[in-house]
Each structure stands twice: as structure tokens, then as C-alpha cells.
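The values are calculated or read from the model by the stated rules, or taken from the named source; none is laboratory data. Owing to the predicted nature of the structure, the values given are computational and were not obtained by experimental measurement. Every residue, glycine among them, receives a Cβ derived from its backbone with ideal geometry; neighbour counts consider all protein chains shown.
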Amino acid sequence: MGDFNCDLNINNLNSTRFKNLINSVNMKILPSKTTFHLPNYDSLLDLTIVKLPKKVQYYEQVSAPGFSHHDLIFMAYQFGNIKYSIREIRFRDFRNLNEDNLMSDVNASQWSHVTELTDTNAKVDLFTTMITRLFNKHAPLKNAKVKYPPTPWLTPEILKLMKRKDRFHNKYRRTKLEQHLNKYKLLRNRCNRSIRDAKELYTG
């Protein structure tokens, strides 16, 4: 939709080439009256080009004397719902992580076996194995299907805030202390406001 600077109100080489170009890509030019007006000349420069005319709910053309030589053209077009393919991801589930139990197992681990090794690669391999074993016990890997569309308005700052909120939620579940509950509620409200404002800003 816009001024294509090609007068389709007359038949000449330029207008014919333009129409052929539009037809070659399976697009349609919506019919309209002349859209550009001079005292002694009217032309059809402003065009609305669509893929599926049946999805045009309405289309209007309004003159704008004193504002522009061009008419104002506008339409409502029906877009289909975007379908997002379901994808499977693998992640560590930290929601039920008990930090006290984790630290207890960390302290009970035989880290001396790592320090006693002389080969650096062997040290790294054993250390990685021991850490992975701890995580597999306290924050096991899980598979999940992602069915929701992406949320580009979730900035790194908002994601960081969401993690803080989740940490205090986990703390409250373990300790049942009111101070942890109050902190969680404060962060939850901040998260909700930040997400709402960011989404409104992104979607306009």
C-alpha cells in the first residue's frame, strides 16, 4: 500500500510492465478511483496490493484537500493465526532444588580424588563427572515440549528479575519465613508490571 509513482489510469509501457510484474508474483491490485489530483490532471498512483483479495474486510479511499494532493487509502485485512511448531527441549529443573541437601552432598564428595591426580585432563574429566552426578541427583534433566510462541519482549533484565523471583519463591517453600514470602511477592509484582509494560511497548 502506497505511492508507486506509476499511473495506472493510463495504458502505456510503464503501467503494463508494472501490472505484469504484480501478476507474476500472484498479487492483486485492488480497484480504486484516481488517487492523485492536480488542477488539470488526475492520476492513479496510490495502490493497494494484496495476496488474497477475499481477506480484505473493507477498503476505503478518502480525499484530503488542503492536506495533500493524494487521497488517503486504507483497509482492514484479515490475517490468519500464526501456527508455531511444537519443539522439544531438554533442561535442568531447578524448581525443587534443595540447596541444603545439595551442599551436604558437595561436602561429602571425595574431592581429594581430583586433587590427587597429576594429569590436568584427567582432573577436568573427573571434576566434570562429579559435578554432573550432583546435578543429575538434585536438578535432573527433563524433556519438555514448547508449544507457545516466542516472547521477544522479555529482555535480559526481565529474565534476570524472573529468576530472582523464582529463587525467593523456592526459599519461602523451604523456610516458610514471612520475610521470604514478602520479598517473593514484591518481585512477583515487579515482574508482572515489567512484562506488561515491555509487551505493550513491543506490540505498540
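Summed over region 150-204, the residues that are of a type in the set (K, R) and touching a residue at least 12 places away in the same chain (Cβ under 8 Å) give a count of 8.
Scanning region 42-56 for residues that are more than 27 Å from the chain's Cα centre (by Cα) and either outside the structural domain of L21 (by TED's automatic domain parsing) or not in a loop (DSSP other than H, G, I, E, B) (or both) yields D42, S43, D46, L47, I49, P53, K54.
Which residue is nearest to D7 (Cα to Cα), if the candidates are limited to region 26-66 and must be surrounded by 15 or more Cβ atoms within 10 Å (Cβ to Cβ), of a type outside the set (G, A, S) and in contact (Cβ under 8 Å) with a residue 40 or more places away in the chain? The extreme case among them is L45.
Where strands (runs of 3 or more DSSP E) fall wholly inside region 68-146, the ranges with 3 or more residues that are at pLDDT 90 or above are 87-92, 141-146. Scanning region 96-133 for residues that are among the aliphatic types (A, V, I, L, M) and either in the same structural domain as K171 (by TED's automatic domain parsing) or within 28 Å of N170 (Cα to Cα) (or both) returns L97, L102, M103, V106, A108, M130, I131.
Put simply, of K171, K160, K137, K165 the only residue that is assigned by TED's automatic domain parsing to the domain that holds D93 and under 29 Å from R90 (Cα atoms) is K137. When K176, K171 are screened for being surrounded by 11 or more Cβ atoms within 10 Å (Cβ to Cβ) and either over 17 Å from the mean Cα position of the chain (by Cα) or within 27 Å of I86 (Cα to Cα) (or both), only K171 passes.
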